[in-house]
Amino acid sequence: MLRDDIPGFPELGELEVLRHFTRLSHLNYAIESQFYPLGSCTMKYNPKINEVVARLPGFSLLHPLAPAELIQGALELLHGLEAMLAEISGMDRVTLQPAAGAQGELTGLMVIRACLKERGNPRRKIIVPDTAHGTNPASSTLCGYDVVQIPSNNRGMVEAGKVEEVMDEEVAALMLTNPNTLGIFEKNIQAVADVVHKKGGMVYLDGANLNALMGIAKPGDMGVDVLHINLHKTFSTPHGGGGPGAGPVGVKGFLEDYLPVPRIAKSNGNFRLQEDLPKSVGRVRSFFGNFGILVRAYTYIISLGGDGLEETSRMALLNANYLRKKLEGAYHLPYPEPCMHECVFTDRLQHKEGVTTLDIAKRLLDYGFHPPTIYFPLVASGALMIEPTETESRETLDAFAEAMGAIAREAKENPALVKSAPHTTPVGRLDEARAARKPVLRWEPTKKAES
Amino acid sequence: MRYTPHTAADKERMLRTIGLTRIEQLFDHIPAPLRERASVSLPAGLTEVQVKRRMGALAARNATPEGWHFFLGGGIYHHAIPSAVDAVISRSEFSTSYTPYQPEVSQGTLQAIYEYQTLLCQLTGMEVSNAGLYDGASATAEAVLMARRLQPEGRRRVLLSRALHPQYRAVVSTYLKNLGDVELVEVPFDRSGGTDIDALTKSADAKTMCVVVGYPNFFGVVEDLAPIQAACARAGALLVTVTTEPLSLALLQPPGAWAADIAVGEGQGLGVPMALGGPGFGFFTCQRKFVRSLPGRLVGETVDHEGRRGFVLTLSTREQHIRREKATSNICTSQSLCVLAATVFMSTLGKNGMRRLAEVNVNRAHETRERLAREAGLAPAFSGPFFNEFVVDVKGLARRQGRFSAEKILPGIPLARWYPELPDSLLICVTEMNEQEEIEHLVRALSGS
């Protein structure tokens, strides 16, 4: 039953380990070292105080199966965060269980399904516009639904008429991102919601872009029934190189009973856990979700307060619109609508020299900037999706715009230079086809290393 | 504002560049009824000092191992974490970077994940590891979903051991119920605390999609995987093992040695603080032949145009951003920073350190169970072998909670809420953090009635 050895496992001194990981860290771009304008990712400053608070032993050393009366501080925090997120988003009730945005989507769709099922028919389809994040259709499938894709119009928006064409009594919900992935506010959202509601469907809002809306418009007022919020975007928790994040879900009051367990209830000043709720979709994650991330988001919200959050969205809009103005002319702007917190350009002007979005992205690395999100959304061919966030200064935006301008000139004068970029990074363009063709997914000792 | 750098002059100048005079013009295209109701009604912001006081007050109202005698496990474990771990994951180059979509400037994160995949394969004895999932419970659900992709439509019955973590069983049920075609069947446990092999062997047949067992299971018992694997092999079902305490695999024959098809679990025990159960990470390993059905991220080795070794995210045609509704999963995170913590943890302890730590856990837990039997008269509830957790029956457990709290002891996790058939059973976890003196407290607290 016992093993003798863990073959291949390291045998190193602590200093060797630290040097190794310190060296690796130097190979990364990060918000604290460079401007990181990834669209739809909201790469804002991750405040230091959040990290200090999350490491307090009274939070970091809690056990999830301790009796509720011995973790009252934690439960108060969770209960309070639910209420604050409800206020910010205009929803009635919030669950903090989902570990990430995609799990939030799945949870939200499960809630919708449970409610519709109780009404007699869980229905079969989810409508998703062509501008949606890939997680929307993937989550729909996982929840047992077929996906119906609808096109956005030439201004980048979903039209009520288009929804009406496909809306029927077998559509469970429409998933919408607002502002959408082009950074455009879906002005028709209330009309769209009416169409969906009239046929007994529900409106799901992908809240990935909530950073554009605080103090400007509340999803709860737009006819939205369910939404998820990415705490690692709007609420400043670090992305960590790919998680952990958190994806709380907000719902309108009539859906409260279907939220996942456990729920936190307050009575006589005490907080207790409710696990046995017959209408609930059940449990989507062990314990309480990503508590450490929830602590950071709570800290961020009370640090900024209501006014600070409103200013956050205003400055996010100011930065995005400023950058958009600075880049107009040098790059093609496929949708001239006013933008919110992000804007989308394409490589159309550079294409005639054979320079693509990928080349522009790689050349930006040489200028010391992380590239924008590329080739997304799919509706804008060769998209460069730029989200500066509110925590960047005018000087940084100017420097980025200058680099983008310089690359546009290089694309005309010396396209080979751009096409062979990057030239200054630790490694050059990597052979991804080879990685996928013959996957090498772990290190294995060679005969030589063993002897 | 604290986190926005704009001066009044900046704002004015930027607005002028855009061609506006007031900030509000940036959003006057939004319908007025929405704008009018949008104000965020929350208290004013706090200074850092105020924030620390307020959060400190909340933190002070929670019981931690610093003030309590602490014997809780059940899926989340209190282990010593070398200072080097937090030093590395606190580096902003790791913590404030995004998913490594631009590999030229993400080699740090990518190589660390590649090392993690290597270490996990070595620890579990499996051939392939992904980059990480949310937690052990959702990793278990993803394992069942993967079995559904791998098995023909005639096999849609899942045999779940009742000795598998109850919250994991609950999450599996939540994930599967909307797909409509999968039936979950519970297999009982026997007096050893392990899965009832006879019942399992009888249930496993040509309709069985997969068998899911804990290793060690929720009672801390190390399942005998040989007959379980044999039952799976005979029936043509896939064997999924679930490990909530990964440190145990430094000492036990790993799932790979028992020919498990998929081995998943919770990675928190490898250098991630308990934090009320999250964030940790789910680990997910499997046989190589299943790699194109894997959920989640994978890092692979390759070269750049000059032949230099480098790492990239690979086999991404499985994933949602390419395949959309046809993806193997909707997941697009890997709890990367927690995975990094585990990588540093395993690298720092190394093969000898991991083994020694596992031995300390085994020894203290076994010694504690013996003393409880000898000095407190508490018989073990189960006879099976165990790692660092075990179950004892304590008469009148429910009414003694108040006294435990008064004595500032958290002696274990009462099992009755999930197992009505075990009304007086207590799941006790003993790790390297429990010194002799604390174990004596436990024996005293559980003595008498």
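The values are calculated or read from the model by the stated rules, or taken from the named source; none is laboratory data. In this text the structure is predicted, and so the values were computed from the model without any measurement. Ideal geometry is used to build each Cβ from the backbone, glycine not excepted, and the neighbour counts take in all protein chains shown.
Would you point out the residue of the stretch A:376-396, among those that are at the interface with chain B (Cβ under 10 Å from one of its Cβ atoms) and modelled with pLDDT under 95, that is surrounded by the most Cβ atoms within 10 Å (Cβ to Cβ)?
Top of the filtered list is A:376.
Just a yes or no: is a residue in the stretch A:189-206 under 12 Å from the mean Cα position of the chain (by Cα) and not acidic (Asp, Glu)?
The answer is no; no qualifying residue exists.
May I ask you to say which residue of B:142, B:104 is closer than 26 Å to residue A:441 by Cα, within 8 Å of chain A (Cβ to nearest Cβ) and out of contact with any Cys (no Cβ under 7 Å at 6 or more places or on another chain)?
B:104
Please pick out the residue among A:182, A:109 that is assigned by TED's automatic domain parsing to the domain that holds residue A:209, touching a strand residue (DSSP E or B) at 6+ places or on another chain (Cβ under 6 Å), buried (at least 24 other Cβ atoms within 10 Å of the Cβ) and under 24 Å from residue A:230 (Cβ atoms).
Exactly one of A:182, A:109 is assigned by TED's automatic domain parsing to the domain that holds residue A:209, touching a strand residue (DSSP E or B) at 6+ places or on another chain (Cβ under 6 Å), buried (at least 24 other Cβ atoms within 10 Å of the Cβ) and under 24 Å from residue A:230 (Cβ atoms), namely A:182.
Test residue B:343 against the criterion of being among the β-branched types (Val, Ile, Thr), more than 7 Å from every other protein chain (Cβ to nearest Cβ) and buried (at least 24 other Cβ atoms within 10 Å of the Cβ), and give yes or no.
So residue B:343 fits the description; yes.
Could you list, in sequence order, all residues of the stretch B:300-330 that are more than 7 Å from chain A (Cβ to nearest Cβ), assigned to a strand (DSSP E or B) and over 25 Å from the mean Cα position of the chain (by Cα)?
Hits for the stretch B:300-330 are B:309, B:311.
Assess whether residue A:12 counts as being without any contact (Cβ under 8 Å) to a residue 60 or more places away in the chain and in a helix (DSSP H, G or I).
No.
Which pairs have Cβ atoms under 6 Å, sit 6 or more apart or on different chains, and link a residue in the stretch A:222-250 that is within 10 Å of residue A:207 (Cα to Cα) and away from chain B (no Cβ under 11 Å) to one that is among the aromatic types (Phe, Trp, Tyr) and not in a loop (DSSP other than H, G, I, E, B)?
Correct list of pairs: A:226/A:204.
Tell me which of these residue B:76 doesn't satisfy, since it passes every other one: (1) touching a Gly at 6+ places or on another chain (Cβ under 6 Å); (2) surrounded by 21 or more Cβ atoms within 10 Å (Cβ to Cβ); (3) not assigned by TED's automatic domain parsing to the domain that holds residue B:442.
Residue B:76 satisfies every listed condition except (3).
Look through B:136, B:220 and report the one residue that is modelled with pLDDT of 95 or more and on the phi > 0 side of the Ramachandran plot.
After ruling out the rest, the residue left standing is B:220.
When you scan the stretch A:308-413 for helices (runs of 4 or more DSSP H) that lie fully inside it, which ones turn up with 3 or more residues that are within 25 Å of the chain's Cα centre (by Cα) and farther than 20 Å from residue A:131 by Cβ?
A:357-366, A:394-413
Of the conditions (1) away from every other protein chain (no Cβ under 14 Å); (2) modelled with pLDDT of 95 or more; (3) surrounded by fewer than 23 Cβ atoms within 10 Å (Cβ to Cβ); (4) farther than 17 Å from residue A:33 by Cβ, residue A:403 fails just one. Which one is it?
(4)
Take the stretch A:4-28 and flag every residue that is facing chain B (nearest Cβ under 7 Å) and of a type in the set (Val, Ile, Thr).
A:6, A:17
Collect the residues in the stretch B:261-299 that are crowded, with 24+ Cβ neighbours inside 10 Å, facing another protein chain (nearest Cβ under 8 Å) and among the hydrophobic types (A, V, I, L, M, F, W, C), keeping them in residue-number order.
Once the filter is applied, which keeps residues that are crowded, with 24+ Cβ neighbours inside 10 Å, facing another protein chain (nearest Cβ under 8 Å) and among the hydrophobic types (A, V, I, L, M, F, W, C), the stretch B:261-299 yields B:274, B:275, B:276, B:281, B:298, B:299.
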